Every structure is written in C-alpha cells, then in structure tokens.
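Q: What follows is a single structure, and I will ask about it in a moment.
The values are calculated or read from the model by the stated rules, or taken from the named source; none is laboratory data. Here the structure is a predicted model, which means the values were calculated and not measured. Cβ sites come from the backbone with ideal geometry, for glycine too, and all protein chains shown count toward neighbours. To get the accessible areas, we keep the full protein, side chains included, count just its heavy atoms, and leave off ligands, DNA and RNA. Shrake-Rupley method; radii C 1.70, N 1.55, O 1.52, S 1.80 Å.
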Amino acid sequence: MPPTLGGTRIRRSLTAFASALAVLTLTFVGALPTATRSSASPLVTRNTNIGVAANAYTDSKHRKTSHRNVATPRVDKTRYASYFAFPAVPLNPGEAISRAAVVVNIRSASHPSQGVFTVRAVTSGWNGGKLSYKNRPKLGPVLGTARIKAKGLLTITLNAKVAAPYLAKGARLQITRAGSKYLVKLASKPTYLKLSIGDAKAVADEQATQPTAAKAALPGKPVFAHYFTPYPISIDNYLWTKDYYNLEYLVASGEDGKFAAYGGFLRDRPLPRNPISSSDYELVDMNSEVSNAMKAGITGFAVDILTFNTSDKNWKLTTKLMKAAENQGSFKIMLQPDMYSLGNVSTGSFAAAIASLASSGSVYKDSNGAVVISPFLAEAKTPSWYADALSQLKSKYGIKAVLLPLFLDASNMNSFASISIGFSEWGVRDATIAKSATNWAAKAHALGKLWMEPIAVQDERPSSQIYDEALNTETIRATWNRAITQSADAAILTTWNDYSECSSFQPSMDHGTAFLDVSKYYLTKFRSGAYPSVSKDAVYISHRIQKASTMPTTYTKVMKQRYNSVASNPRDKVEVVTILSAPATVTVTISGQTSSYTAPAGFHAALFNLAEGYFTATVTRDGATKATVTTKDAVRFTTEQQDLSYHAVGSD
C-alpha cells in the first residue's frame, strides 16, 4: 500500500471510482455521544413496524408494461425504479412520528460499492395498483438515502419531519439508485417501515431546535479546487524517476503487478521536482501547490477529508495543507468531508473533527462568519443527520457552521434546502453533455439558495475501464460557460489533483500549466464580469497521444466511453488555442505538414487531424514571433498502454 493512503478507504468507486482499498478501524477525534434532550416529555413512547402492502417497478425500455407485486423489484439509476405502498400509520391523539426508516431486503447488487439508494415520496398517481413507466406517478421530496450493500437487509433512515405527513396518510415511496448505472435486485419481503412514535410536543420541540440555514453570501464569487490528499506533489521525496508514482502507479508492473490487467493505475502525475532537503518536504510541497493555485486565480482548496483518524497520513496532509494556506494569508480551505469514506461516522465524531480543523485561520467562512462545510456525496446522510452535527458544533464547541452540500445528484437539493445555504454537484466531464445539462443554478436560486458550479477538464479511469470525451479543451470551456451564463455564485474545479480520475488541473507531466492557463481566462470573466485584457500572446496545443480507437498490445481490460445517449462522439483532433492581444498569423506544423491561418484577438481554437509525431504552433505579427510551442509527447498509433486523456503544452 502506498505511504500516502495510510489505510483510508478511498471513495472513488462511487462515480465508477478507482480504489478498492482496505478499511482500517479508525480512532476518531474526540468521539462524543449524540446530543440528548432535556425535555420531560417522552420523545419515544413506542416503536412499531408497518409491513408493505404492495410493490411495483417501472422499466423505461418497456414503457407500457406493468410489474406489480413482484417477487424481485428492480432498481438502477435510469431504467428501473421500484415503488412500495404502506398502510397509514395509526397514531393516537397527542402522538407524532419521531424516527422513521424503511427496511428493504437486497437479493443482489452489482457493484455495491457504487452509488446510493434514494427514497422519494410519491405525491400522486399511484395507490398500489397497476403501474408502468408511461403512467409513472409524480414525486415529492427526497426522504432519505443510504449506501448500498451486496446482500441482506438494509435500513434507510428517513427525515422524520419531512416524511411524517406522508407516512401518516399511508406512504407510497419510490426507490432509485443514484450515482451508479448498475442493477440492484430487491426481495419483496421483508420490506417494512421502522418507526418510533412519541409525544407530539416533544417531537415538535426537538425539530424546532434543529438548525436552519440563514441567508448568506460567498463574497467575490469564489473559485475553489477539489484537493485530494492521496496524490501530493511527491509521495516519498525520491528522485522522480525512482519515486512511487513512476515505479508503482504509472506502469503495469507496479505494486507487484496489481494494475497489470489495465496497464497501470494512473496515466499522469504531478509535475515532478528534485528531492527536498527540508525536514518537512510535505509542507514545502503544499506551499508550492497553494502558490500555483493562487497564480491561477483560485480562491482556495476544497479539501477532501477522507478520515478523522489523526494518525492517518491523509489527515496529517489535510492539516499541513491548512498550514500552507495560513502561510499564504489570503488563500482559504473549504472543508469537504468525504461522506463515502466517512459513511459510518457519528454526528459527535463529525462535529469534533470539524471543530479541530475549524480553528485554523485558513478555514473558509461565509459572509456571516460561519464555517462553510461542503460534504462530498452529501446525500449519503440525511438532512436531520447534518442538522444534529451542526447543532453539536454550536452547542459543544461554540462554532457557527453552515452546510453547502456537494451531491452526486443535485436533484436532492429540495430535501436539504432547510439546512443549507447553497448546493453543488460533482458534475459532468463530457463536453456535449455539459452544454445541455440541467441548469441547477436556476433551481437553487428558485429555492433562495446559492449554487457552486463544477468546472471540469476531462475524466479517464483505467481501473474502472471508462472515460468521458472531453473534446480537447471544450469541456473546460463548456463548464465555465455554464457558470458564467447561468449566474453561479461560486465555482469548484473538479479536481485539482485526483489522478485516479485523470481530472486534474494541477500542473502535471502530461499538461503542464496549460489547462490552468485556459481555465484562468474564463475564471477571470466569471469573477470580474469581463475577459482579461491580453498583454502577452500565448498559444497552446492539446491532443491525445494515440487515436481513441487505439487498443493496447499487452492487455485487454481497456477503457470504453461512459454511456450516455447524448455523449460526445470520440474524436482524433489536435487543438490549437490562442489567446492574443491582437490578430496574428498562426502557423501549425503537424508531422511535417504546415498550414497557416489568421487568429483573432482574444480566445480562439482551431482543430487539425491527429497524426503521428510531434507538433509545433507559432504566432507571428508584423514579421516578429510572439509565441511558439512544440509538443513534448509523441503521438503513436500503436501502443502498449492505452491513454485516452488529452495532453497539452503552452508557450512560455
């Protein structure tokens, strides 16, 4: 196991995430019991289970077919949705539902580490009778979510305050799988509601004490970059040709052949440097990363908090990142606890760990001075869970904090609205999909909430055998244009340095600072309202180092494009981007073939057919060379290692 990971469970399998690492028993920071009530009225007077009365599932490929009261209801992300009808909950006068959950029985789940179950209320259109996709019912708020398991009974905790009105009348619930396309087969029995019932006044008092989100702002339209601690600049401070990245991650033989089936774990790495003599090379590297981000116009890092174990290296790197931000002064760290890796943590442990990090002067706060917490995969916990954690932060540690959830599925925002100042999503990395995806900013604003738009460059995951088509730099431009035209309140680059997804903006071996430079042009427009005035001409080349159809010669587990009916068609193009102070002549040489064109002032992109070899682009004006660049990675149409990421270079 590489020294950086320190035994922490990494969550990347959740969006076809890369890792499947062992989980250590964690020693949590200051674990505390859940807050207790002081009211004399009983919050729970009795517990009861309510069995299911009917079930059904819909199939989008067979729109008119009814599947009712089946032995095996089916669930996935897009094709199948299961529905369950329950009798009304019998309540005596003066009683109310204080706790609620639905228990389902999983027969089998494909890829159980991926995605979560999402439970929604059915508001009309089905009462337990026949049901098909064509006449599927209307849906209400998300009531609860839960991580999926391979087999057996699974308890999905519901937001009792939101769910109670539906349960009291006889609930009809829809269950789908968010964050994964794979199928889950349920058993029809046992399926039941698990309820706690108590004194209505005590229940109302408890719900009234749960925090609600105050109006807040994120001054200056901040831009964050998602920081992933497993991939710092250097894992071991060795000479880069002999370090862990080069010998273990980038080659098929790494970690005793663990990644041989798909040609190596990673395809790119942080831009290397020589060994550092400092006693704390990690902090030196963190200082460099903060400096690079600031040069790119980034406000701060949103650090992925993978663990609360203070002896784990990921925790230590998190604290060093915060120290590096403090050293720079104005750079901030937004806390982004990873709710996949932290799936079993209690609200008390969550509050204690966040409190220990919130003492740093670099922690990001909103306009009201509240610490902003932006959980990754926020839907893995219920709104009431976060409400309890925020309440404990205030009551036990005197820390005012607010929630800005980052979802895999932003349609969860409605059920989180009462406790959140705004929302975000992990986003898409396909250029065409990005141009037509849902305007989540408008939906958040309609709820009176802020929206943080995800900004992406590309996505390639050898260990999951998938990739998205980025169309050179078009995904960067499309996602920034969403943020600009849809009036997002903030933006987040997903990611700064997650090399297991090949989604990094960080200066790297394969793209240097080119993607950051292109991003900064649009970032300036987002934050200031105007594109930057260009004082120095620049030219960039982006390209793959093989055709999209090129297959490796030494292994068979190859990456395929992630399916979507509106996804971009893979292309084999060289893209030349110019950012110019005035029109100029651009001369491009590709494998010995030269062509020229006139590029306008500002931003311009031109496409050429991919060919083997190296490429050069030169900008001239009035007979003088203004900028020139030559690619450093040769294109080859035969290869031992499949690499569908885009490489890039830029002029000095």
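Q: Assuming 0.36 nm per residue, please report the length gained on full extension of the stretch Val534 to Ala150 beyond their Cα-Cα distance.
A: Gain on stretching Val534 to Ala150: 132.7 nm.
Q: How far apart, in nm, are the 7 Å Cα→Cβ label points at Asn135 and Asp59?
A: Result for the modelled spin labels: 1.8 nm.
Q: Among all the aspartates and glutamates, which ones have a C-alpha under 15 Å from Lys525's C-alpha, if same-chain residues fewer than 8 places away are not counted?
A: Glu453, Asp489, Asp517
Q: Would you mind getting me the FRET efficiency between Leu247 and Ala442? Use the beta-carbon distance for r and R0 = 45 Å, nearest 0.05.
A: The pair Leu247/Ala442 has a calculated efficiency of 0.40.
Q: Over region 137-295, what is the mean sequence separation of C-alpha contacts under 8 Å (at least six apart), divided by residue count, expressed as relative contact order in percent?
A: Rounded, it is 13 percent for region 137-295.
Q: Okay, moving on. Determine the relative contact order of region 96-192: mean sequence separation of Cα pairs under 8 Å and six or more apart, normalised by residue count, in whole percent.
A: 48 percent
Q: Among (1) 25; (2) 21; (3) 17, find the value of percent of Cα pairs over 48 Å apart that was calculated from the structure presented, and write down its label.
A: So the calculated entry is the one marked (3).
Q: Solvent-accessible area of Tyr597, probe 1.4 Å, all protein chains present, reported in Å² to the nearest ten, please.
A: The value for Tyr597 is about 50 Å².
Q: So, one more: Using the heavy atoms of the protein chains and a 1.4 angstrom probe, tell me the accessible area per residue for the chain in square angstrom.
A: 38 Å²
Q: Please state the relative contact order of the chain as a whole percent: Cα pairs under 8 Å, 6+ residues apart?
A: Taking the mean separation of contacting Cα pairs over the length of the chain, I get 13 percent.
Q: Using the charge dipole of the chain (Lys, Arg: +1 at Cβ; Asp, Glu: -1 at Cβ; taken about the Cα centre), state which of Ser595, Ala370, Ile235 has its Cα farthest towards the positive end.
A: Ala370
Q: Using a 1.4 Å probe on the protein chains only, how many percent of the accessible area of region 310-448 belongs to carbon and sulfur?
A: 47 percent
Q: Note down the net charge around Val122, summing +1 for each Lys or Arg and -1 for each Asp or Glu among other residues with Cβ under 10 Å from its Cβ.
A: +4
Q: OK, next. In terms of modelled amide H atoms, which long-range or inter-chain residues lie less than 5 Å from the amide H of Thr123?
A: Long-range HN contacts for Thr123: Lys138, Leu139, Gly140.
Q: Counting pairwise Cα distances across region 240-323, what percent come out greater than 15 angstrom?
A: Of the Cα pairs, 69 percent sit more than 15 Å apart.
Q: How far apart, in nm, are two points set 7 Å out from the Cα along the Cα-to-Cβ line at Ser591 and at Thr616?
A: 1.8 nm
Q: Hey, another quick one. Taking all protein chains as present, what is the carbon and sulfur share of the accessible area of region 571-614, in % to the nearest whole number, probe 1.4 Å?
A: It is 51 percent, rounded to a whole number.
Q: Same structure, new question: Quick one: grab the alpha carbon gyration tensor of region 437-595, order the square roots of its eigenvalues as a ≥ b ≥ c, and give me rounded if a/c is under 1.5, else prolate or oblate depending on whether a/b is larger than b/c.
A: Here region 437-595 falls in the oblate category.
Q: Also, I was wondering about something else. Could you pull the accessible area for Glu612 with a 1.4 Å probe, rounded to 10 Å²?
A: Approximately 90 Å² for this residue.
Q: Decide, for region 403-518, between rounded, prolate and oblate: order the square roots of the alpha carbon gyration tensor eigenvalues as a ≥ b ≥ c, take rounded if a/c falls under 1.5, and otherwise choose prolate if a/b is larger than b/c, else oblate.
A: It is prolate, given that a/c is not under 1.5 and a/b is the larger ratio.
Q: Something else: What does the C-alpha gyration tensor say about the overall shape of region 512-652? Classify as rounded when a/c is under 1.5, otherwise prolate if a/b is larger than b/c, or oblate.
A: Oblate, because a/c is 1.5 or more while a/b does not exceed b/c.
Q: Separate question: If you count only protein heavy atoms and use a 1.4 Å probe, how large is the accessible surface of Trp315, to the nearest 10 Å²?
A: 20 Å²
Q: What's the whole-number percent of alpha carbon pairs in region 95-221 lying beyond 27 angstrom?
A: For region 95-221, the share of Cα pairs beyond 27 Å comes to 30 percent.
Q: Starting from the 7 Å offset along Cα-to-Cβ, what nm value, one decimal, do you get for the label separation of Thr319 and Ala168?
A: Result for the modelled spin labels: 4.9 nm.
Q: Also, I was wondering about something else. Relative to the Cα centre, what is the charge dipole magnitude of the chain, using +1 at the beta carbon of each Lys and Arg, -1 at the beta carbon of each Asp and Glu, and rounding to the nearest 20 debye?
A: I would put it at about 2760 debye.
Q: Per residue of the chain, what 222 nm ellipticity follows from adding -39500 (n - 2.57) for every DSSP H run with n ≥ 4, rounded to the nearest 500?
A: -6000 deg cm²/dmol
Q: Among the listed pairs Lys242/Lys313; Lys221/Lys295; Lys134/Lys557; Lys258/Lys520, give every one whose C-alpha distance is greater than 28 Å.
A: Among Lys242/Lys313; Lys221/Lys295; Lys134/Lys557; Lys258/Lys520, the Cα-Cα distance tops 28 Å for Lys134/Lys557; Lys258/Lys520.
Q: Lysine pairs, Cα distance under 23 Å, 8 or more residues apart or cross-chain: how many in region 366-508?
A: 9
Q: Run the dipole for region 451-554 about the Cα centre, Lys and Arg Cβ at +1, Asp and Glu Cβ at -1, nothing else charged, and hand back the magnitude in debye, nearest 20.
A: Around 300 debye, computed over region 451-554.
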